[in-house]
Amino acid sequence: MQHGRKGLLSLFTLVLLLSCTRTEQQITPDKQQLPILTVDTVTQKGKASVVRITGGSLFTDRNWLNIGAGSGFFVEPDKIVTNMHVVARPGVIFAKLSDDETIWTVEGVTAFDIENDLVILKIAGEGVPLSLGNSGAVTKGETVYAIGYPGGGDYKLTEGIVWNSRYKDMWIQTTAETVKGNSGGPILNDRGEVIGISSRVSDFYSYAVPSDALKALFSQSARTEPLVTWYQQKRIRAYTYYARGQHKYQDNDDRAAILELNKSVELDPEFAYGYRVRGYVMSHYGDAIGKYEKNITKARRQHQAAIKNHTKAIELDSKNDESYHGRGHARSRYGKYEAEQANTTEARKQYQAAIKDYTKAIQLDSDDSTHYNGRGQVKRRFGQSNMKQGAFRKARKQYQAAIKDYTKAIQLNPNDSSHYNGRGWTQYLLGQLKTEQGKTSEAQKHYYAAISDSDKAVQLQIDNASAYHTRGVAKAALDAYNNAIEDFNTAIEHNSDFTETYNSRGKAKEALGQHEAAAIDFTRALQSLGHGTISAQELEKAATEMVKIPAGEFQMGSKELRYATPTHTVYLDEFYIDPYEVTNAQFKAFIAANPEWSKENIPGKYHNGNYLQLWNGNDYPNGKSNHPVVYVSWYAAMAYAKWKGKRLPTEAEWEKAARGGVADKRYVWGDSRDPGKANYGYYGRQTSPVGSYLPNGYGLHDMGGNVWEHCLDEFDKDFYRNSPKKNPIAGVPDIEALTENFTSVQTEHVSRGGSWNTPGPAHVASRGSDTPINTNSWLGFRCARSTPPQQDAQTITMPSIPD
C-alpha cells in the first residue's frame with residue numbers, strides 16, 4: 001500500500017492502455033435487486049476470490065527468490081486485478097488464496113492503466129470472479145468492506161464507510177482500515193459488489209480506484225503479453241524504477257531513492273510524477289543532511305534541486321494542484337533551513353514564493369484541506385522568523401493568517417489531527433509573542449486555545465506525539481509543570497527521538513528544581529540528533545554498574561537473512577552487559593596495567609599486523625578518548641574482558657540485549673532505516689563517541705551501529721538449525737575454560753551490530769564472522785558477565801601471555 005506523504009496522493013498523469021478488443025465481464029444488475037449481506041457472508045465470499053500477490057524477495061531452503069506482497073481478486077475465471085505498484089518489480093508472480101494451498105502462476109498482462117494504478121493479469125488456471133458494481137452510484141456514508149492481506153500476512157476484512165465518493169475526481173475515500181499489503185484488494189459494498197480497488201492509505205483514510213475505471217480498462221483488454229516482454233517496455237521500466245524509488249524513500253534511504261528516480265525520469269523525461277516524487281525525496285534528504293551531517297552546502301544543494309524538480313513537474317502538467325503543493329512544500333522546507341542558518345533574506349524569499357505556490361494549489365483544488373494546512377505552516381514559519389528578528393507586529397500577522405488557514409483546513413476535513421496540531425502550535429507561538437510583550441492575559445488565552453486544539457488532536461489520534469508536546473509546552477507556559485511533564489512523557493512514549501520534547505521536559509524539570517533529571521533530558525535531546533556526549537566519569541560508572549538483562553525467552557534470528565534462519569525460541573538466564581562499547585581511554589588503562597598487550601609487545605600471532613593501527617605507540621588519536629577502540633583482535637578483547645572480571649557476550653545474549661525488549665523488529669529501533677538512530681554508513685564517515693545516539697529499551701547505546709562487536713561464540717552458519725533452547729553458545733562447551741585458555745582458540749568467531757561503514761543499518765539479527773586475529777577500523781567490543789557486578793571489585797591481574 002502506498003503511503004501518503006503529501007504529494008504522493010495522486011498517481012501518474014500518463015495513461016498507458018494496451019490496445020485490444022473488448023472482452024465480456026460480468027456486471028451485476030441494479031443494487032436494489034441484490035440482498036444486503038452480513039459481514040460473515042462478505043468475509044466468506046471474499047475468501048474464494050481475493051488472492052495474495054507475491055513478486056519481490058524471500059529466502060527459502062537456502063536460496064533467494066524474488067517476491068513481494070500485495071492483494072488482488074478475480075474479475076474473470078482466468079484474470080486477476082491488482083495495482084501496478086504491486087507487480088512493479090520484474091520477476092515471477094504468483095497468486096494464492098487464503099488457504100495457502102491454491103496457487104496460480106501469472107502468465108502475462110492483458111491490460112494496464114498507470115494513471116489509475118491498475119493491471120489485469122492472466123493466470124494459468126481458473127478462480128471465482130467477483131462482480132463489479134457501479135462506483136458512480138456510491139454515496140457518502142455507505143458501508144464498505146476492504147479485503148486483502150495486510151502486511152503480506154493473513155486474509156483480513158475491515159469495515160468502514162465512504163467518506164468521499166469522488167475524492168479529487170480520482171478515488172473513493174473510505175474509513176476502512178488498510179495498510180501496506182492491502183494494495184490491489186477489493187472494496188465491496190454491502191451487496192458484495194466491487195466498487196473500488198484499494199490503492200493507497202493516509203493517516204486517516206484509505207483510497208480506492210473506482211470500479212468504473214476497471215470496467216473501462218476491460219473494454220481495452222484481450223491480448224496477453226508475457227511478463228518478460230511487458231517488463232521490457234520503456235515506460236514500464238520507468239514505472240518500475242519509480243516504484244523502487246518510492247519504496248526506498250519510505251524506508252528512509254533517500255540516496256538510493258534518488259538514484260532509482262533518476263533512472264525513471266531518464267527513461268521517460270515526460271514523467272511529471274517522477275520529478276515530483278524526486279522533489280519530495282530531495283527535500284527530505286536536504287533536511288536530514290542539515291540535521292545529522294551538518295553540511296550546509298550539500299543540504300542547500302538538495303533543497304534547491306527539490307524546487308527545480310517540482311518546477312519541471314509543473315512545466316509538464318501545469319493544471320495539477322499537487323505539483324504546486326509539492327513546490328510550496330520544497331520552498332517552505334528550504335526557507336526553514338535558511339532561517340536556521342540566519343540567512344533571513346533568502347528565508348523570506350522562499351516563504352513568500354511558497355505561499356504563492358500553495359495559493360495556486362488552492363485555486364486549482366479549493367476542497368483539498370492539505371493545501372490550506374501547507375500554507376498555514378509556511379505562514380507560521382514566516383512568523384517565527386520575524387519573531388526572531390524582533391518584528392513582533394509582522395510575526396503576529398503571520399501567526400493570525402496561519403490560524404485562519406488551519407481553521408479552513410479543519411472545516412474541510414475535521415478528522416485530520418494534523419490540522420489541529422498546526423493550529424494548536426501556532427496558538428502557542430502567538431501566546432509566546434504576547435508573553436514577550438508583557439500581555440499576560442492575552443497570552444493565557446492563546447495557551448488555553450493551544451491546549452484545546454491539542455485535546456482534539458489527541459482524540460482523533462491517540463498516538464499523536466506532536467499534540468502531546470504542544471499541550472505540554474502550553475501547560476508549562478501556564479506554570480503547570482507536573483502536568484506538562486506527563487504530556488512530555490507520553491509524547492516520548494510515542495516518538496522516542498522527539499528532540500524538542502526532551503528539551504521541553506528538561507526545562508520543565510529545571511523549573512521544578514530537578515536539575516540532574518533535566519540534565520539527562522538535555523543529553524537525550526542531543527542524542528536524538530546523534531550528538532550526545534558522555535563524560536569519562538559516567539562511562540566508568542556505567543562500566544562498573546552494567547545493565548541487567550532479565551531472564552526469559554525471546555525469538556532469535558530472522559527469516560530474511562541467509563545465516564539467521566530459522567527463527568527460534570531461546571531462553572537465557574539473567575546476565576549483565578555494558579551499556580557502552582569499550583573506549584580508547586578504557587583500553588589504554590588496560591594496556592597500562594598489562595603492557596604485554598601493548599602495540600609494541602603483543603605477539604604477532606594474536607593480531608593481523610594492524611593492531612591499534614590508529615594509535616601512536618600507546619596513545620590513541622587526539623580527540624578520540626571516548627570513541628570505541630578499533631583495530632583490536634578477538635584475543636585482545638577477551639584479555640580486556642578477563643582483566644575487568646567480565647567476558648564477551650554470547651551471540652544470543654548480544655541479540656536479546658540489542659532487541660531491547662521489543663520483538664519482531666528488523667533493526668534495533670524498528671522496521672525502517674533511520675540515520676538518526678545509529679552511526680551506520682549513511683552519514684557516518686568514521687566512529688562517533690560512544691553514547692552519541694539514544695539508547696534502546698534496555699538502556700544500551702550503539703547496538704545498531706558505530707562498530708561491529710566481538711562475541712564469545714564460534715561462527716557456525718548452520719548453528720540455528722540445531723541450537724539448544726537454553727543459553728545457547730556455539731563451539732564453547734565451557735565458558736570458564738574458554739576464558740582461561742582463550743589464546744589457544746583458532747576458529748572464526750561471531751561479530752554483531754553493524755558499523756559506521758555498513759552501507760545500510762545492520763539487521764538486529766545480522767551475523768558477521770571474524771578470525772580471532774582480525775583487526776580493522778570497524779570492529780570493537782563491549783563486555784558482559786553472568787553474575788551481578790561487584791561494585792567494589794578490582795580488576796584482575798592478567799598472567800603473562802604466551803609468546
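The values are calculated or read from the model by the stated rules, or taken from the named source; none is laboratory data. Since the model is a prediction, treat every value here as computed from it, not as a measurement. All Cβ positions, even for glycine, are placed from backbone atoms using ideal geometry, and neighbour counts span all protein chains on display. Ligands, DNA and RNA are excluded from the accessible area calculation, which covers all protein heavy atoms including side chains. Shrake-Rupley method; radii C 1.70, N 1.55, O 1.52, S 1.80 Å.
Taking 0.36 nm per residue of separation and subtracting the current Cα-Cα distance, fully stretching the chain between ALA551 and GLN514 would add 10.0 nm. The C-alpha atoms of the chain define a longest principal axis, and helix 392-412 lies at about 60 degrees to it. Counting only protein heavy atoms and a 1.4 Å probe, the chain has 40 square angstrom of accessible area per residue.
For the pairs LYS308/LYS394; LYS588/LYS642; LYS180/LYS356; LYS180/LYS677; LYS360/LYS445; LYS624/LYS677, note any where the Cα-Cα span goes beyond 26 Å. The partial results should precede the final answer.
On the way: LYS308/LYS394 29 Å; LYS588/LYS642 15 Å; LYS180/LYS356 35 Å; LYS180/LYS677 24 Å; LYS360/LYS445 33 Å; LYS624/LYS677 21 Å.
Too far apart for the 26 Å limit: LYS308/LYS394; LYS180/LYS356; LYS360/LYS445.
Placing +1 on the Cβ of every Lys and Arg and -1 on the Cβ of every Asp and Glu, with no other charges, gives the chain a dipole of roughly 3060 debye about its Cα centre.
Roughly what % of DSSP beta bridges within the chain run antiparallel, to the nearest 5? Don't skip to the end; give the middle numbers.
Values: 70 of 78 bridges.
Around 90 percent of the beta bridges assigned by DSSP in the chain are antiparallel ones.
Which whole number in µm²/s is D for region 127-182 by Stokes-Einstein, with the Kirkwood Rh taken over Cα pairs at 4 °C and 1.567 mPa s? Value of D from the Cα-based Kirkwood radius: 105 µm²/s.
Given in Å, the Rg to one decimal and the Dmax to the nearest whole number for the Cα atoms of the chain are 29.3, 93.
Starting from 0.36 nm per residue, how many nanometres of slack lie between ARG255 and THR440 once their C-alpha separation is accounted for? Could the numbers behind the result be given before it?
On the way: separation 185, 0.36 × 185 = 66.60 nm, distance 4.78 nm.
Length gained, ARG255 through THR440: 61.8 nm.
Could you work out the percent of alpha carbon pairs in region 580-784 separated by over 26 Å, rounded to a whole number? Spell out each step's value before the answer.
Working: 6143 of 20910 pairs.
Of all Cα-Cα distances in region 580-784, 29 percent exceed 26 Å.
I'd like the FRET efficiency for ALA222 and SER672, computed as 1/(1 + (r/R0)^6) with the beta carbon distance as r and R0 of 41 Å, rounded to 0.05. Working shown, then result.
Working: r = 42 Å, r/R0 = 1.02.
Calculated value: 0.50.
Between the residues PRO621, GLY705, LEU529, the greatest Cα displacement towards the positive end of the dipole of the chain, with unit charges on the Cβ of Lys, Arg, Asp and Glu, is found for LEU529.
Relative to the Cα centre, what is the charge dipole magnitude of region 404-541, using +1 at the beta carbon of each Lys and Arg, -1 at the beta carbon of each Asp and Glu, and rounding to the nearest 20 debye?
Approximately 520 debye in magnitude.
Projecting the Cα positions of ASN134, GLN232, SER165 onto the charge dipole of region 39-232 (unit charges on Cβ atoms of Lys, Arg, Asp and Glu, taken about the Cα centre) puts GLN232 furthest along the positive direction. In the chain, taking the dipole from charged Cβ atoms about the Cα centre, the farthest positive-side position among LEU561, THR359, ASN495 is held by THR359. THR102 sits among other residues whose Cβ lies under 13 Å from its own Cβ, and their net charge, with Lys and Arg +1 and Asp and Glu -1, is -1. Annotation: extensible slack from THR747 through ASN483 equals 89.3 nm (criterion: 0.36 nm per residue apart, minus Cα-Cα distance). Modelled spin-label separation between VAL92 and LYS349, with each label point placed 7 Å from Cα along the Cα-to-Cβ direction: 5.7 nm. Rg/Rh, computed from the Cα trace of region 291-409 with Rh as the Kirkwood radius, has the value 0.99. Kindly provide log₁₀ I(q)/I(0) values, in the same order as q = 0.13, 0.20, 0.21, 0.23 Å⁻¹, from the Debye equation applied to equal alpha-carbon scatterers of region 237-365. Each listed q corresponds, in turn, to -0.50, -1.09, -1.16, -1.27.
Can you tell me the FRET efficiency between ALA737 and THR533 if r is taken as the Cβ-Cβ distance and R0 is 35 Å, rounded to the nearest 0.05?
Details: r = 40 Å, r/R0 = 1.15.
In this case the efficiency is close to 0.30.
If you take the alpha carbon atoms of region 532-663 and fit the smallest convex hull around them, that volume is 146 Å³ per residue. The long axis of helix 344-364 is offset from the longest Cα principal axis of the chain by roughly 30 degrees.
With respect to the chain, whose longest principal axis is taken over its alpha-carbon atoms, helix 634-643 is tilted by about 60°. Exposure check, 1.4 Å probe, all protein chains in place: HIS85 carries approximately 30 Å² of accessible surface. A Cα-only calculation for region 39-232 places Rg and Dmax at 15.5, 51 Å.
Summary of packing: across the peptides 466-476, 346-356, the per-residue average of other C-beta atoms within 10 Å ranks them, highest first, as 466-476, 346-356. Calculated FRET efficiency, SER625 to TYR571, Cβ-Cβ distance, R0 = 60 Å: about 0.95 to the nearest 0.05.
Would you calculate a helix-derived [θ] at 222 nm for the chain, using -39,500 (n - 2.57) for each DSSP H run of n ≥ 4 and dividing by the full residue count, to the nearest 500? Provide the component values of the computation, followed by the final result.
On the way: 22 runs with 312 residues, N = 803.
Dividing the helical sum by the residues of the chain leaves -12500 deg cm²/dmol.
Solvent-accessible area of region 237-365 (1.4 angstrom probe, protein heavy atoms only): carbon and sulfur portion equals 44 percent.
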